[in-house]
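Here is the structure we will look at, set down as structure tokens.
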Amino acid sequence: NIISKRHDEL
Amino acid sequence: MDILQIFGDYIHLLGMFILLMKLCLTRNCGGISGKTQLLNAIVFTTRYMNLTTTYASLYITIMKIIYISITYCTVLSIFLFFRKTYDRERDAFRMELLILPCAVLGLFLTEYLDTMEVFWTFSVFLEAVSIVPQVYMVSKSKQVESTVVSYISCLGLYRGCYLMHWLYTYLKLGFFRKMSVATGIIQLIFYCDFFARNLPILKQKNNGKGFE
């Protein structure tokens, strides 16, 4: 989901 | 992860590194806003609080540690090691004018009511405006360090890369985070504003006059 995608960013 | 994001991360890192190197090599922090660096330290601290709880990849974990370390070293350099050269008078922007609204926005605009999410949203808003004390300092002193120009150029490129990365993600996967994109654009506007405002000074520098 979007939240977990966001963890791939700094 | 795509090349745009990785390039953006490295450019961001380069910007922070240039600033820290300048501080360490010249042992002088004239012209550099300690408040902007302090805000950056707050941004990274609040955003990466999940460093120990959420694992994405080795790259992300290492980069987070490097970002936090460099920013803390920069803050320590300005406020401790080379504090005698810190221009307190000109670095006069009131930080609470940025922190408080961002805290309120973070609390109300968070997509999920969860501690980490609120901190993340807060950090995203604060990052967008963290350059304001530096811009204010430059406009007050009417002098701009070449390091500051390099630093802001790197940050602008980094933001540009991330915006393209989000566009790419949207085209490929069909979603984007409104908060990230909106604050990213605002942040980029602040950097463009810096260059637009200081164009006369920068032009002068290119002619070899008034280089600080």
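Annotation: B:Asp91 fulfils all but one of (1) at pLDDT below 95; (2) of a type in the set (D, E, K, R); (3) in a loop (DSSP other than H, G, I, E, B); the unmet one is (1). Return yes when B:Phe122 is of a type in the set (Phe, Trp, Tyr), surrounded by 18 or more Cβ atoms within 10 Å (Cβ to Cβ), in contact (Cβ under 8 Å) with a residue 60 or more places away in the chain and within 15 Å of B:Val43 (Cβ to Cβ) and no when it is not. Against the criterion (of a type in the set (Phe, Trp, Tyr), surrounded by 18 or more Cβ atoms within 10 Å (Cβ to Cβ), in contact (Cβ under 8 Å) with a residue 60 or more places away in the chain and within 15 Å of B:Val43 (Cβ to Cβ)), B:Phe122 qualifies. Hey, among B:Ser141, B:Ser180, which residue is among the hydroxyl-bearing types (Ser, Thr, Tyr) and either touching a Ser or Thr at 6+ places or on another chain (Cβ under 9 Å) or away from chain A (no Cβ under 14 Å) (or both)? It is B:Ser141. Count, please, the residues in region B:170-192 that happen to be under 18 Å from the mean Cα position of the chain (by Cα), at pLDDT below 95 and not aliphatic (A, V, I, L, M). Going through region B:170-192 one residue at a time, the tally reaches 1.
Only one of (1) under 25 Å from B:Glu127 (Cβ atoms); (2) in a helix (DSSP H, G or I) is not met by B:Phe175, so which one is it? With respect to (1) under 25 Å from B:Glu127 (Cβ atoms); (2) in a helix (DSSP H, G or I), B:Phe175 is out only on (2).
On the given criteria, is B:Tyr168 touching a Gly at 6+ places or on another chain (Cβ under 9 Å) and of a type outside the set (A, V, I, L, M, F, W, C)? When the stated conditions are applied, B:Tyr168 does not pass them. The lone criterion from (1) under 19 Å from B:Val43 (Cβ atoms); (2) surrounded by 19 or more Cβ atoms within 10 Å (Cβ to Cβ) left unmet by B:Leu107 is number (2). Got at least one residue in region B:90-112 being of a type in the set (D, E, K, R) and within 14 Å of another protein chain (Cβ to nearest Cβ)? The answer is yes; a qualifying residue exists.
The single condition from (1) in a helix (DSSP H, G or I); (2) in contact (Cβ under 8 Å) with a residue 40 or more places away in the chain; (3) of a type outside the set (Phe, Trp, Tyr) that B:Gly156 fails is (2). Listed by first and then second residue, the pairs with beta-carbon distance under 6 Å, at least 6 apart or on different chains, first residue in region B:10-33 and outside any helix (DSSP H, G or I), second among the charged types (D, E, K, R), are B:Gly30/B:Asp87; B:Gly31/B:Glu145; B:Ser33/B:Asp91. What are the residues in region B:150-169 that are among the β-branched types (Val, Ile, Thr) and modelled with pLDDT of 95 or more, if any? Matches in region B:150-169: B:Ile152 only. For region B:71-79, the criterion of being buried (at least 18 other Cβ atoms within 10 Å of the Cβ) and either modelled with pLDDT under 95 or touching a His at 6+ places or on another chain (Cβ under 7 Å) (or both) is satisfied by no residue at all. In this structure, is B:Leu4 touching a residue at least 60 places away in the same chain (Cβ under 8 Å), in contact with a Cys (Cβ under 8 Å, 6 or more places away or on another chain), of a type outside the set (Asp, Glu) and part of a helix (DSSP H, G or I)? Considered against the rule, which asks whether it is touching a residue at least 60 places away in the same chain (Cβ under 8 Å), in contact with a Cys (Cβ under 8 Å, 6 or more places away or on another chain), of a type outside the set (Asp, Glu) and part of a helix (DSSP H, G or I), B:Leu4 comes out as yes.
The values are calculated or read from the model by the stated rules, or taken from the named source; none is laboratory data. Please read these numbers as outputs of a predicted model, since none were measured by experiment. Neighbour counts run over all protein chains shown; Cβ positions are idealised from the backbone, glycine included.
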